[in-house]
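Chemist: Let me give you the structure first, and then I'll get to my questions.
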Amino acid sequence: MPNSLQYSHSPYLLQHKDNPVDWYSWSLETLEKAKKENKIIIVSIGYSTCHWCHVMAHECFENEAIAAFMNRHFISIKIDREERPDLDHYFMSAIQFMGFQGGWPLHCIMSPDQKILYGGTYFPPVAKYGRISWPDLLNAILESYTNKNEKILLQADKLHESLTDYLQGKKILQETESEIQIEEVLKSLQSLIDEEYGGMGTGQKFPNTSAMEFLQNCNTILKKGVYNNFLLLSVKRICLGGMYDHLQGGFFRYTVDRSWKIPHFEKMAYDHALIIGWLSTLYTNEKFKFVGYFIKNSFDFWKEEMLGKNGLYYAALDADSEGEEGLYYLWDESEIGNILKERKDTFYKNMDLEILHGSQKKVLNALPLSNLSSLEIEARLEKIQDSYFQLRTARKQRIRPSTDTKEILSWNALIAIALCKAYRAGIDVKYHDEAIQLITRMLSNYKIPNTSNEYFRISLENGECYQPAFLEDYVYLGNALWHVFQISGQQEYFEELVQLIHTIENLFSQKDGLFSFNHQMHNDHPVVSYDINDSSIPNANAVLCELYYMLYWQTNETEYYNRFQKMYFSFSSLCNKHYFSHMNWLKMHPDILNRRIFAKVKNKNSVENLVDNLFQQKLNYIYTSEMEENTIQLCTDQVCLVPCSSREEFNNQIQEIL
């Protein structure tokens, strides 16, 4: 008989509705039930496309004996981290405080009064991989708590106090601003750079787009060209290796190996947006021109396969199909030979197959092309398009991985930003209209009726919306409005942004300039929390801080600048030299920020008549009626140049600045 998750909207929670575990959704009523019955609480957090979440569900939560034990002694709660990023942040912070590495599935065991006793990620049904089994863990905690073990209770009290202080930003009031040196930041990043294979670290490889963009800024703005080769190597490995779906487009989350060959096969909307947005900023450099192919194909994939009927993008595509990770994407050589026939030899001159650990199946990659120039890569890829088509056609006969059809506000906003960046890079003019269409749908679809400009986080294809939006949703929507304003010059988007900023200030409580993760409508959260760290997505406070700076330039209102300064001061007092977690804050370091180039213009026509695509992304447009038609004035480093009214004058000025 289905448990109470049958009434939820979340695809992840619905995956567990038929478990023998008596799962509950997170709610005040569920927490009160645990307290009333004096039962320990199990919190299990994941998302619908998470491979190891599926594994633990099959091994433990579908096991009748394990489920019976959980039902008898515990209140078990399932949370979709994509629905409730605030709770995910809270419990992830808790296990990191305990010294464990974060990840999903994420599990925390709480006392009936919601103090965390223990936590971790994946637990097997029997002890293996050096991990305690799930039944043994539950038995040990139950026995310790039932016998009033002083150690576990004292530990829970201390963790609760420390975690609350940390999440509520109490440290902000105890610190003073410390000056951050760019050279120190670069030295810290240098220790993470993989010179041999590109990317950061020597284990699993994530694209780490925020760090890459920071190094790119240091290259172009601070004239530190030492990262050119590293960036080119990284981009080639990301695009040509196993991270990219060569047959249909789109990027996977990460690779499990150092050399970018074997991916973890899920596709996430936010990864798509952040990777495409970053690659678009490189496109105008001739050495990186080949990225246009990957950008176009990825946008095409998401538009064809992951766009809902209401014009909003789905959250993710699962890694698993038919119960096996990556099965949809894997090949063996005989299969390829039978499909391609006489094209097989040309295909293998340009492509490689990397065997998946524990399988006879192999992953496609184009790494043999990584030593070629941009033009050569494009030419070689063109030669094998017919082979791609044949393999893609064959692959479509397979059972496709499942789609998480939640449409998340913040992730759709990131896609809108990526569309704007691709348009400004000159990759395709159609991205201009697609960005405007997407932002228009977001503004109408997610708005909560009968409120003063408040929004939902989640939309469903049937038009139903739920879950009040979090800080990241509002801030990313604001950033998308700014980017659409930049490419369109239409005042309505700027006015919408100003209203949204007022809503953010009204909803999200502030401590020394920083804004809380959640607000009063999220009244079932253990604490009102504050966060300054980047995660897999940019930190919302950092993005908001940058927005205040841009608003100041557009309006010349000092209140915006004061907000910007206060937020950056709070960040710098808390930074504690964990620079890799703060890349989106460090974009606003004075050494970088003061070198941004602003361009005052009357309207978009002035931009189109005077500015080449080559320079579009280097400019931040200030639309003002003070400027004459077809005139542009460049400002940087606290100096504004003489207005110019010809393309030749503009090119001379911009090249002097650059």
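Chemist: Against the conditions (1) assigned by TED's automatic domain parsing to the domain that holds ASN365; (2) over 16 Å from the mean Cα position of the chain (by Cα); (3) more than 14 Å from PHE301 (Cβ to Cβ), where does LEU247 fall short? Just the number, please.
Modeler: Checking LEU247 against (1) assigned by TED's automatic domain parsing to the domain that holds ASN365; (2) over 16 Å from the mean Cα position of the chain (by Cα); (3) more than 14 Å from PHE301 (Cβ to Cβ), the one that fails is (3).
Every residue, every condition in (1) closer than 22 Å to VAL475 by Cα; (2) within 25 Å of the chain's Cα centre (by Cα); (3) modelled with pLDDT of 95 or more, yes or no:
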position	(1), (2), (3)
PHE571	yes, yes, no
ASN576	no, yes, no
ASN584	yes, yes, yes
GLN633	no, no, yes
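Chemist: Only residues that are farther than 15 Å from SER334 by Cα and among the β-branched types (Val, Ile, Thr): list them for region 344-383, please.
Modeler: Of everything in region 344-383, those that are farther than 15 Å from SER334 by Cα and among the β-branched types (Val, Ile, Thr) turn out to be THR346, ILE377.
Chemist: Also: Give, as residue ranges, the helices (runs of 4 or more DSSP H) completely inside region 123-235 that count at least 1 residues that are of a type in the set (Val, Ile, Thr), in the same structural domain as HIS89 (by TED's automatic domain parsing) and surrounded by 15 or more Cβ atoms within 10 Å (Cβ to Cβ).
Modeler: Counting at least 1 such residues, we get 134-146, 150-167.
Chemist: Can you pull out every residue in region 89-107 that is crowded, with 20+ Cβ neighbours inside 10 Å and more than 15 Å from TRP134 (Cβ to Cβ)?
Modeler: HIS89, TYR90, PHE91, MET92, ALA94, ILE95
Chemist: Just checking, how many residues over region 245-262 are assigned to a strand (DSSP E or B) and either modelled with pLDDT under 95 or farther than 16 Å from ILE355 by Cα (or both)?
Modeler: Residues that pass the stated criteria total 2.
Chemist: Output the residue which, of all residues in region 5-29 that are surrounded by fewer than 18 Cβ atoms within 10 Å (Cβ to Cβ) and among the hydrophobic types (A, V, I, L, M, F, W, C), is farthest from ASP113 (Cα to Cα).
Modeler: Among them, the one singled out is LEU14.
Chemist: Of the conditions (1) within 22 Å of PRO401 (Cα to Cα); (2) modelled with pLDDT under 95, GLU286 satisfies every one except a single condition; which number is it?
Modeler: It fails just one condition, (1).
Chemist: Could you run through region 263-301 and say how many residues are of a type outside the set (Asp, Glu) and not in a helix (DSSP H, G or I)?
Modeler: Total meeting the criteria: 10.
Chemist: Can you confirm whether region 303-319 contains a residue that is buried (at least 19 other Cβ atoms within 10 Å of the Cβ), at pLDDT 95 or above, farther than 24 Å from LYS396 by Cα and touching a Ser or Thr at 6+ places or on another chain (Cβ under 7 Å)?
Modeler: No; the residues of region 303-319 include none that is buried (at least 19 other Cβ atoms within 10 Å of the Cβ), at pLDDT 95 or above, farther than 24 Å from LYS396 by Cα and touching a Ser or Thr at 6+ places or on another chain (Cβ under 7 Å).
Chemist: Same structure again: Looking at (1) surrounded by fewer than 22 Cβ atoms within 10 Å (Cβ to Cβ); (2) within 30 Å of THR440 (Cα to Cα), can you tell me which one LYS289 breaks?
Modeler: Of everything listed in (1) surrounded by fewer than 22 Cβ atoms within 10 Å (Cβ to Cβ); (2) within 30 Å of THR440 (Cα to Cα), LYS289 misses just condition (2).
Chemist: Looking at this structure, is ARG395 within 21 Å of LYS261 (Cα to Cα), charged (D, E, K, R) and surrounded by fewer than 18 Cβ atoms within 10 Å (Cβ to Cβ)?
Modeler: So ARG395 fits the description; yes.
Chemist: Among the residues of region 108-118, is any loosely packed, with under 13 Cβ neighbours inside 10 Å and either at pLDDT below 85 or within 20 Å of ASN576 (Cβ to Cβ) (or both)?
Modeler: Among the residues of region 108-118, not one is loosely packed, with under 13 Cβ neighbours inside 10 Å and either at pLDDT below 85 or within 20 Å of ASN576 (Cβ to Cβ) (or both), which makes the answer no.
Results for (1) closer than 24 Å to HIS264 by Cα; (2) of a type in the set (Ser, Thr, Tyr), shown as yes or no for each residue.
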| position | (1), (2) |
| --- | --- |
| ALA65 | no, no |
| TYR90 | no, yes |
| GLN96 | yes, no |
| ILE132 | no, no |
| ALA140 | no, no |
| SER144 | no, yes |
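Chemist: Of all residues in region 482-517, which are among the β-branched types (Val, Ile, Thr) and either surrounded by 21 or more Cβ atoms within 10 Å (Cβ to Cβ) or in contact with a helix residue (DSSP H, G or I) (Cβ under 7 Å, 6 or more places away or on another chain) (or both)?
Modeler: Across region 482-517, the qualifying residues are VAL484, ILE487, ILE501, THR503, ILE504.
Chemist: Show me the helices (runs of 4 or more DSSP H) entirely contained within region 372-490 in which 3 or more residues are touching a residue at least 60 places away in the same chain (Cβ under 8 Å) and touching a Lys or Arg at 6+ places or on another chain (Cβ under 9 Å).
Modeler: By residue number, 374-383, 409-424, 471-488.
Chemist: Now for a separate question. Quickly run through region 215-240 and pick out the residues that are in contact with a Gly (Cβ under 9 Å, 6 or more places away or on another chain) and either within 13 Å of TYR329 (Cα to Cα) or at pLDDT 95 or above (or both).
Modeler: Residues satisfying the conditions are PHE230, LEU231, LEU232, LEU233, SER234, VAL235, LYS236, ARG237, ILE238.
Chemist: Something else about it: In region 522-565, which residues are without any contact (Cβ under 8 Å) to a residue 60 or more places away in the chain, over 17 Å from TYR166 (Cβ atoms) and not in a helix (DSSP H, G or I)?
Modeler: ASN556, GLU557
The values are calculated or read from the model by the stated rules, or taken from the named source; none is laboratory data. Only a predicted model underlies this, so the values are computations on that prediction, with no experimental measurement involved. Note that we place each Cβ from the backbone using ideal geometry, even for glycine, and neighbour counts take in every protein chain shown.
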